[in-house]
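**Q** Structure in structure tokens, see below.
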Amino acid sequence: MSRLRVIGVGSPFGMDRIGLLAAERLLGMRDRLPQGTEVCLRDRPGTALLEDFEGADGVVILDAVRGGRAGHIRCLDPGALQALASPASTHGFGVAEVLALAVALGRMPERVRLIGVETGGDPQAEPPPQLVAALVEQALRTAWECARQAAHVDDCQAS
């Protein structure tokens, strides 16, 4: 059985909370996630994110990313994340830096995906509640698909 860990990363403020909100919603539908899936919420974890990689075959990280078009969702593998011209995370020591450290330390899980929700402007700006709800739903759909692929589960569907 594949051990998949979905990690919502963010802070409780503004657009940066999208990853946390999406992970909270996933917690509410645990019984419908692929077998072996664990969901975690991490408030600005920095290098502590490495601990969440332990024992996982696959990791899906939900997080806000700087700039872009507010609400646009990106599903990135670690290589694509590293190729971005500037640090994308809204956190000081972000996901890209943690992934690079995981590789250097030999602690990178077999399969990793980042679901990045672009913030547009200031990630701490408070978006309208309707936008938050729409972004959370879109992030959930994207995370579900990545989780399904990472776990090699072909017959699951999100509702």
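**Q** Please list, ordered by first then second residue, the pairs with beta carbon atoms under 6 Å, 6 or more apart or interchain, first in segment 106-122 and part of a strand (DSSP E or B), second hydroxyl-bearing (Ser, Thr, Tyr).
**A** Ile115/Thr142
**Q** For Gly19, which of the numbered conditions (1) without any contact (Cβ under 8 Å) to a residue 40 or more places away in the chain; (2) in a helix (DSSP H, G or I); (3) crowded, with 23+ Cβ neighbours inside 10 Å fails to hold?
**A** Tallying (1) without any contact (Cβ under 8 Å) to a residue 40 or more places away in the chain; (2) in a helix (DSSP H, G or I); (3) crowded, with 23+ Cβ neighbours inside 10 Å, Gly19 fails exactly one: (1).
**Q** Then there's this: Just checking, which of Ala56, Ala85 is out of contact with any helix residue (DSSP H, G or I) (no Cβ under 6 Å at 6 or more places or on another chain) and at pLDDT 80 or above?
**A** After ruling out the rest, the residue left standing is Ala56.
**Q** Considering only segment 23-33, I want to know if a residue exists there that is touching a Ser or Thr at 6+ places or on another chain (Cβ under 7 Å) and either surrounded by fewer than 16 Cβ atoms within 10 Å (Cβ to Cβ) or outside any loop (DSSP other than H, G, I, E, B) (or both). Walk me through it before giving the result.
**A** Going through segment 23-33, the residues touching a Ser or Thr at 6+ places or on another chain (Cβ under 7 Å) turn out to be none.
Within segment 23-33, not a single residue is touching a Ser or Thr at 6+ places or on another chain (Cβ under 7 Å) and either surrounded by fewer than 16 Cβ atoms within 10 Å (Cβ to Cβ) or outside any loop (DSSP other than H, G, I, E, B) (or both).
**Q** Suppose we keep only residues that are more than 23 Å from Glu24 (Cα to Cα) and either at pLDDT 80 or above or under 12 Å from the mean Cα position of the chain (by Cα) (or both) within segment 59-77. Which one would you say is surrounded by the fewest Cβ atoms within 10 Å (Cβ to Cβ)?
**A** Of the residues in segment 59-77, the ones more than 23 Å from Glu24 (Cα to Cα) are 67-69.
Then drop every residue that is not either at pLDDT 80 or above or under 12 Å from the mean Cα position of the chain (by Cα) (or both), which leaves 68-69.
On the way: Gly68: 16, Arg69: 8.
Here the residue is Arg69.
**Q** Specify which of the listed residues (Thr142, Thr119) is over 13 Å from the mean Cα position of the chain (by Cα), β-branched (Val, Ile, Thr) and modelled with pLDDT under 85.
**A** Thr119
**Q** For residues that are crowded, with 17+ Cβ neighbours inside 10 Å, among the hydroxyl-bearing types (Ser, Thr, Tyr) and in a helix (DSSP H, G or I), tally how many sit in segment 34-57.
**A** Going through segment 34-57 one residue at a time, the tally reaches 0.
The values are calculated or read from the model by the stated rules, or taken from the named source; none is laboratory data. The model shown is predicted, which means the values in this text are computed figures rather than measured ones. Positions of Cβ are backbone-derived with ideal geometry, glycine not excepted, and every protein chain shown enters the neighbour counts.
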